[in-house]
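Input: a single structure, listed below in structure tokens.
The values are calculated or read from the model by the stated rules, or taken from the named source; none is laboratory data. Quantities reported herein were computed from a predicted structural model and do not represent experimental measurements. As a convention, Cβ positions derive from the backbone with ideal geometry for all residues, glycine included, and neighbour counts pool all protein chains shown. Quick note on the areas: whole protein, heavy atoms, side chains included, nothing else; ligands and nucleic acids left out. Shrake-Rupley method; radii C 1.70, N 1.55, O 1.52, S 1.80 Å.
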Amino acid sequence: LGVSCFYHDAAAALLKDGKIIAASEEERFTRKKHDNGFPKHAIEFCLKQAGITIKDINAVIFYEKPFIKFERILYNCIATFPRSCLWFLKAIPAWLNRKLWFSHILEKETGYRGEVYFGDHHLSHAASSFYTSPFKEAAYLTVDGVGEWTTTSMGMAKEGHLKVLKEIHYPHSLGLLYSTFTAYLQFAVNSGEYKVMGLASYGTPKYKNLIYENLLEVKSDGSFHLNMDYFAFQHSFKSFSQKFCDLFGPVIPPEKEFTQKAADLAASIQKVIEEVLIKQVNYLYTLYPSENLCLAGGVALNCVANAHILRSGPFKNIYIQPAAGDAGGAVGAAYYLSARKDIWTHAYYGSDGQEYEGQNIKTFLDEQKIPYVSFPNTQDLVRETAKQIAENKVVGWFQGRQEFGPRALGHRSILGNPACKDMQEILNLRIKHREKFRPFAPSVLKESANRYFEIGDIESPFMLFIAEVRPEAKKQLPAITHVDGSARLQTVSREAEPLYHALIEE
């Protein structure tokens, strides 16, 4: 049993003989977005899915080493005292009361009294990608905010083993650099970074040189050094300092309509991240010149940067696990302990929603006097749903087991007509109640992807790459074509998801 929690995106994952049985984030059960608490519900689900109890578990592994992480916290507080005083008083009780005592909390919440192991944060990330990839060997790059001390890790995976080749340590972090701009643009840190990525397409990177000249020193091998005068995350719950505001101006207030300055800042930090990552993968290739690259860590959820690495980098094949952030650490920790390959062709390892089986739904609808139609077979269901979508209706599509990771991949999805020019605005403003600029992703049949997108031979089953929409398709598909002519696509195969494939085909 692999477990991640106490920072963000708590999750649990269960392996049997090296094969995945179940994996889910705690938020799926508590309905608290990015729930970071102990994943009791996710663990209970994993056990239930396997038909076992906690007594049948051979080993539990936590995705990182809490005491080493606590060492960094203490060192950080001392190094920045007295500025860190208030931060220390607020942060330390959470560590002393909860974050250091995973084994005790595990026993209290589940009754487990067996072996407990503690993995390394970035090795958990690397394992989550390599052991689920189709590669027999690969280079790996993990990039996030921070684990114990590491913020970036380069390594190689061969013969089932992972070897670290180079690391970059806190406070120098690409993830925290990107999160600082996320906070400055008034989006939520650790959850709003994808908004910055989407907003970037509306701007030009006019502040890129300013970032390089003041905030960031980068070497040819992709190693880098942050100028900490511009950051406050070492001693405060704020990300940026007053000097940051002096450089870029007062904090940009949240507005329904973004400002051009906000878009230009987003474009600038996005471009910087892409350029540094390219330097890192080029250097990694000199250390281990494989054809294959595995990416993981929260920064690996930046699908624009991923596509840039794929186009511009030296690696022929790239694989990214669908829950590349901390939730995936639970999976990675379990695989690291197992040290056995288990290729993922889909991400449907969450709850199957048995509480919503047909009879329960029918009973609920009858009690609430809600009209409904029940279809005798899937062919009729698919035909009618496709007709509704073609008529510009918005459809809630619920089937099978939940997706693991942040992307809706056809099992818990809101579906609309990509050919309707008003669909993006309808979904953003009337259904999702979110910023107007946010793009929507297309699900496309794997065999038809090249008809609409310039994607080549690459598959994107987990919606983690963008591709250019072909010129002739841009006018056909306005709802999924972003302002820069790109789309974050999901390629759907008949083998991995027959029902969703059938719906798109119809």
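Is it true that some residue in the range 477-492 is under 20 Å from Ile414 (Cα atoms) and open to solvent by 50 Å² or more (accessible area, probe 1.4 Å)?
Scanning the range 477-492, I find at least one residue that is under 20 Å from Ile414 (Cα atoms) and open to solvent by 50 Å² or more (accessible area, probe 1.4 Å), so the answer is yes.
Residue by residue through the range 48-65, note down the ones that are assigned to a helix (DSSP H, G or I) and either open to solvent by less than 20 Å² (accessible area, probe 1.4 Å) or touching a Gly at 6+ places or on another chain (Cβ under 7 Å) (or both).
Within the range 48-65, just Ile54 meets the criteria.
Return yes when Ala419 is loosely packed, with under 13 Cβ neighbours inside 10 Å and modelled with pLDDT of 95 or more and no when it is not.
Considered against the rule, which asks whether it is loosely packed, with under 13 Cβ neighbours inside 10 Å and modelled with pLDDT of 95 or more, Ala419 comes out as no.
Mind checking which residues of the range 328-365 are in a helix (DSSP H, G or I) and at pLDDT below 95?
Gln354, Glu355, Tyr356, Gly358, Gln359, Asn360, Ile361, Lys362, Thr363, Phe364, Leu365
When you go through (1) surrounded by fewer than 22 Cβ atoms within 10 Å (Cβ to Cβ); (2) more than 30 Å from Phe181 (Cα to Cα) one by one for Pro93, which number turns out not to apply?
(2)
Please pick out the residue among Val299, Val304 that is open to solvent by 10 Å² or more (accessible area, probe 1.4 Å), β-branched (Val, Ile, Thr) and touching a Leu at 6+ places or on another chain (Cβ under 9 Å).
Val299
For the list (1) assigned to a loop (DSSP other than H, G, I, E, B); (2) open to solvent by less than 40 Å² (accessible area, probe 1.4 Å); (3) at pLDDT below 95, I need the number of the one condition that Ile458 fails.
Just one mismatch for Ile458, condition (2).
Suppose we filter Leu215, Leu247 for residues that are open to solvent by less than 40 Å² (accessible area, probe 1.4 Å) and at pLDDT 95 or above; which single one remains?
After applying the criteria, what remains is Leu215.
Name the pairs: first residue in the range 108-122 and under 23 Å from Asp326 (Cβ atoms) and assigned to a strand (DSSP E or B), second residue open to solvent by less than 40 Å² (accessible area, probe 1.4 Å) and β-branched (Val, Ile, Thr), Cβ to Cβ under 6 Å, at least 6 apart or on different chains?
Hits for this filter: Val116/Val60; Tyr117/Ile61.
Are there any pairs with C-beta distances below 9 angstrom linking a residue in the range 476-489 that is farther than 9 Å from Pro439 by Cβ and without any contact (Cβ under 8 Å) to a residue 12 or more places away in the chain to a residue that is part of a loop (DSSP other than H, G, I, E, B) and of a type in the set (Lys, Arg), with the two at least 6 apart or on different chains, and if so which?
Going by the 9 Å Cβ cut-off, there are no qualifying pairs.
Quick one: Ile252 ticks every box in (1) closer than 21 Å to Val196 by Cβ; (2) among the hydrophobic types (A, V, I, L, M, F, W, C); (3) open to solvent by 10 Å² or more (accessible area, probe 1.4 Å); (4) at pLDDT 95 or above bar one, so which box is it?
In the conditions (1) closer than 21 Å to Val196 by Cβ; (2) among the hydrophobic types (A, V, I, L, M, F, W, C); (3) open to solvent by 10 Å² or more (accessible area, probe 1.4 Å); (4) at pLDDT 95 or above, Ile252 misses (4) alone.
Examine the range 6-29 for a residue that is open to solvent by 40 Å² or more (accessible area, probe 1.4 Å), part of a helix (DSSP H, G or I) and not charged (D, E, K, R), and state whether such a residue exists.
Among the residues of the range 6-29, at least one is open to solvent by 40 Å² or more (accessible area, probe 1.4 Å), part of a helix (DSSP H, G or I) and not charged (D, E, K, R), which makes the answer yes.
Determine which member of the set Tyr178, Tyr207, Tyr184, Tyr170 is in contact with a Lys or Arg (Cβ under 7 Å, 6 or more places away or on another chain), crowded, with 18+ Cβ neighbours inside 10 Å and not aliphatic (A, V, I, L, M).
Going through Tyr178, Tyr207, Tyr184, Tyr170 in turn, just one is in contact with a Lys or Arg (Cβ under 7 Å, 6 or more places away or on another chain), crowded, with 18+ Cβ neighbours inside 10 Å and not aliphatic (A, V, I, L, M): Tyr170.
At pLDDT below 95 and crowded, with 16+ Cβ neighbours inside 10 Å, is that true of Leu427?
In short, yes.
Please list, ordered by first then second residue, the pairs with beta carbon atoms under 7 Å, 6 or more apart or interchain, first in the range 73-89 and without any contact (Cβ under 8 Å) to a residue 40 or more places away in the chain and closer than 15 Å to Phe233 by Cβ, second open to solvent by less than 70 Å² (accessible area, probe 1.4 Å) and not basic (Lys, Arg).
Ile73/Ala91; Ile73/Trp95; Phe88/Cys77
Inside the range 233-244, can you point out the residues that are over 25 Å from the mean Cα position of the chain (by Cα) and touching a residue at least 12 places away in the same chain (Cβ under 8 Å)?
Of everything in the range 233-244, those that are over 25 Å from the mean Cα position of the chain (by Cα) and touching a residue at least 12 places away in the same chain (Cβ under 8 Å) turn out to be His235, Ser236, Ser241, Lys243, Phe244.
Look at the range 69-116 and say how many of its residues are among the polar types (S, T, N, Q), within 18 Å of Gly37 (Cα to Cα) and more than 28 Å from the chain's Cα centre (by Cα).
Adding up the residues that qualify gives 1.
Name every residue in the range 475-504 that is under 14 Å from Glu454 (Cα atoms) and either among the aromatic types (Phe, Trp, Tyr) or in contact with an Asp or Glu (Cβ under 7 Å, 6 or more places away or on another chain) (or both), in order of residue number.
If the condition is that a residue be under 14 Å from Glu454 (Cα atoms) and either among the aromatic types (Phe, Trp, Tyr) or in contact with an Asp or Glu (Cβ under 7 Å, 6 or more places away or on another chain) (or both), then Gly485, Ser486, Thr491 are the ones that fit.
Here is a list: His41, His34. Which entry is free of Cβ contacts under 8 Å to residues at least 60 places away in the same chain, open to solvent by 20 Å² or more (accessible area, probe 1.4 Å) and under 24 Å from Tyr349 (Cβ atoms)?
Only one candidate qualifies: His41.
Determine whether Leu210 is in contact with a strand residue (DSSP E or B) (Cβ under 9 Å, 6 or more places away or on another chain) and in contact (Cβ under 8 Å) with a residue 40 or more places away in the chain.
no
So which residues in the range 389-420 are touching a strand residue (DSSP E or B) at 6+ places or on another chain (Cβ under 9 Å) and of a type in the set (A, V, I, L, M), if there are any at all?
Ile389, Val394, Val395, Ala408, Leu409, Ile414, Leu415
Please work out which residue is most open to solvent (accessible area, probe 1.4 Å), limiting yourself to the range 135-167 and to residues that are more than 30 Å from Ala263 (Cα to Cα), touching a helix residue (DSSP H, G or I) at 6+ places or on another chain (Cβ under 6 Å) and part of a loop (DSSP other than H, G, I, E, B).
Trp149
Would you please list the contacts, defined by Cβ atoms under 7 Å and residues six or more apart or on different chains, that run from a residue in the range 176-194 that is farther than 22 Å from Thr150 by Cβ to a residue that is part of a helix (DSSP H, G or I) and of a type in the set (Gly, Ala, Ser)?
Matching pairs, first to second residue: Leu185/Ala262; Leu185/Ala266.
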